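So the structure is just underneath, and the comments pick up after that.
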Amino acid sequence: MVLSDRVYQSAMTSGPSDVYFGSVKHGNTGKFASFAVKVDKVIESLDFSTIEKKDKVAIKMHLGFQDGYQTVPVFFVRRIVQAVKKAGGYPFITDNPTAVYNAVNRGYTAETCGCPLIPVSGVKDGYAEDLDVKFHNVDGLTIAGVMRDADVLVDLTHAKGHNSCGFGGAIKNIALGGFAAKSRWHKIHGVEQSFPYWDSEKCTPEHAKELVKVCPEKVIKYDEEKHKLTVMFGMCNQCMECVKADKDVGCLEIKQENFSLFQELMAVASNEVLKTFDENKRFFLNFALDITPACDCWGMGMPNVVNDVGIIASRDIVAVEVATLDLIAKEGLIERMVPPYYKYLSPDVDLHPFQRLHGKFKNPYLVTDYAEKLGMGSKKYNLIEILSPEETLNMEAPKSVSESEPTFF
Ligand code: SF4
């Protein structure tokens, strides 16, 4: 039984789907068994032959911000771009306008990647289209125009933790990254406020100020003028200090729903992006390298809290996410690398590493359950490991030279 079955029981509707895996662990000193070769073979197995000649291929990445350098290495991006070109497609890399504009600082240029970099929603974030999506307090979403224009989607993701939902993977890359900023920040992130959690009539201003004080994460805000208390659930680690301080008053609840709605809306939003692409023209690649506790939006380097895993790829967005999470769970958390500002690290080793970091209500598998229910794919998968260490250990390496490209020596 995989960990996801244990943590979150759900109805399995379809599957299983093929998921290709290349591990960073290798079993042979020959280059044929190295990680870069495995990446090429995983791309081959994923089979870009359904890309038609001249198809415009959006390679959706998160190119990071500011001083963040733990995004998908350009070394691999270049190989994926070449594979798309070989299939006859016209690739381009896309992300939010700011990340594209300063991507050069992190090594991503047309020259290094091998294709243009285009802002997903235009230079001023206004190239976008309104969608009639109603979900709790969300009265519509604005999908990025480039997501609409492209013929093919290559969802190329750095797999890592995320403070709002535990995990940032392929679904999150398009659920947030496929939309204009006004949808990303105020609507998708704001949905967590739509499940009631505070009773203003039971709470005095003095008690509200007390609740603000007890929160170690400083995520409880109180506006005395409006007599309004707000919990920023994205950074709440569910330590329940506020609930303890409130036990004699009973005006505040911290519930699973306050966290689940964000994940459910991510599934809904990513499904809207997927709907714009033919089923044969969607490819999902998660690079589980440099697995940081929080997402690339933080714009800074962070310690890696899980060992590098490798590349996980599929044509099924749900299967690729579950497989990635299972492989990360198998690797486990490197506790000594967890930054000290993660104050409530759960000692429960049965929880997923990302739940141990971000709290049990931020179950990273939840989004896959919602996505499966929407018919986006299957949580069941066949993991096909390419050139596993066991397989290559006793293989004879073909004769190779140290550099196959032109050399100056
Ligand atoms: S449960 Fe969340 S809001 Fe309450 S004290 Fe802990 S971190 Fe703050």
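Quick rundown of the values:
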read-out	value
Every residue from segment 54-63 that is surrounded by fewer than 16 Cβ atoms within 10 Å (Cβ to Cβ) and either touching a residue at least 60 places away in the same chain (Cβ under 8 Å) or under 18 Å from residue 392 (Cα atoms) (or both)	56
Exclusive hit being more than 25 Å from residue 24 (Cβ to Cβ) and not basic (Lys, Arg), set 363, 382	363
Set 286, 307: member being in contact (Cβ under 8 Å) with a residue 24 or more places away in the chain, surrounded by 24 or more Cβ atoms within 10 Å (Cβ to Cβ) and in contact with a strand residue (DSSP E or B) (Cβ under 8 Å, 6 or more places away or on another chain)	286
Extreme residue, surrounded by the most Cβ atoms within 10 Å (Cβ to Cβ), among residues of segment 196-221 that are more than 12 Å from the ligand (Cβ to nearest atom) and under 37 Å from the mean Cα position of the chain (by Cα)	208
Hey, residue 230 touching a residue at least 24 places away in the same chain (Cβ under 8 Å), within 16 Å of the ligand (Cβ to nearest atom), part of a strand (DSSP E or B) and touching a strand residue (DSSP E or B) at 6+ places or on another chain (Cβ under 9 Å) or not	yes
Condition met for residue 263 (more than 10 Å from the ligand (Cβ to nearest atom), of a type outside the set (Lys, Arg) and more than 30 Å from residue 38 (Cβ to Cβ))	yes
Any hit, segment 239-257, residues being within 22 Å of residue 175 (Cβ to Cβ), of a type in the set (S, T, N, Q), more than 10 Å from the ligand (Cβ to nearest atom) and crowded, with 17+ Cβ neighbours inside 10 Å	no
Filter pass, residue 190 being within 14 Å of the ligand (Cβ to nearest atom) and under 30 Å from residue 123 (Cβ atoms)	no
Hits in segment 12-53 - residues which are among the polar types (S, T, N, Q) and under 22 Å from residue 397 (Cβ atoms)	23, 28, 29, 34, 45
Residue check, residue 327 aliphatic (A, V, I, L, M) and either part of a loop (DSSP other than H, G, I, E, B) or on the phi > 0 side of the Ramachandran plot (or both)	no
Total residues in segment 14-53, condition surrounded by fewer than 20 Cβ atoms within 10 Å (Cβ to Cβ), touching a Lys or Arg at 6+ places or on another chain (Cβ under 9 Å) and among the small types (Gly, Ala, Ser)	3
Boolean, residue 203 is part of a loop (DSSP other than H, G, I, E, B) and touching a strand residue (DSSP E or B) at 6+ places or on another chain (Cβ under 7 Å)	yes
Single unsatisfied condition, residue 278 versus (1) away from the ligand (no atom under 16 Å from the Cβ); (2) surrounded by 21 or more Cβ atoms within 10 Å (Cβ to Cβ); (3) more than 26 Å from residue 65 (Cα to Cα)	(2)
Filter result (crowded, with 20+ Cβ neighbours inside 10 Å and outside any loop (DSSP other than H, G, I, E, B)) within segment 289-304	291, 296
Residue 60 vs. criteria among the charged types (D, E, K, R), more than 22 Å from residue 403 (Cβ to Cβ) and modelled with pLDDT of 95 or more	yes
Residue in segment 156-176 that is crowded, with 19+ Cβ neighbours inside 10 Å, in the same structural domain as residue 363 (by TED's automatic domain parsing), modelled with pLDDT of 95 or more and more than 25 Å from residue 301 (Cα to Cα) present	no
Residue among 293, 303 that alone is assigned by TED's automatic domain parsing to the domain that holds residue 338, of a type outside the set (A, V, I, L, M, F, W, C) and within 16 Å of the ligand (Cβ to nearest atom)	293
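Here is a yes/no grid of residues against (1) surrounded by 14 or more Cβ atoms within 10 Å (Cβ to Cβ); (2) closer than 15 Å to residue 281 by Cα:
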{"site": "76", "(1), (2)": "yes, no"}
{"site": "89", "(1), (2)": "yes, yes"}
{"site": "94", "(1), (2)": "yes, no"}
{"site": "101", "(1), (2)": "yes, no"}
{"site": "105", "(1), (2)": "yes, no"}
{"site": "111", "(1), (2)": "no, no"}
{"site": "119", "(1), (2)": "yes, no"}
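The values are calculated or read from the model by the stated rules, or taken from the named source; none is laboratory data. All values derive from a computational prediction rather than experimental measurement. Quick reminder, even Gly has a Cβ in these numbers, built from the backbone with ideal geometry, and neighbours come from all protein chains shown.
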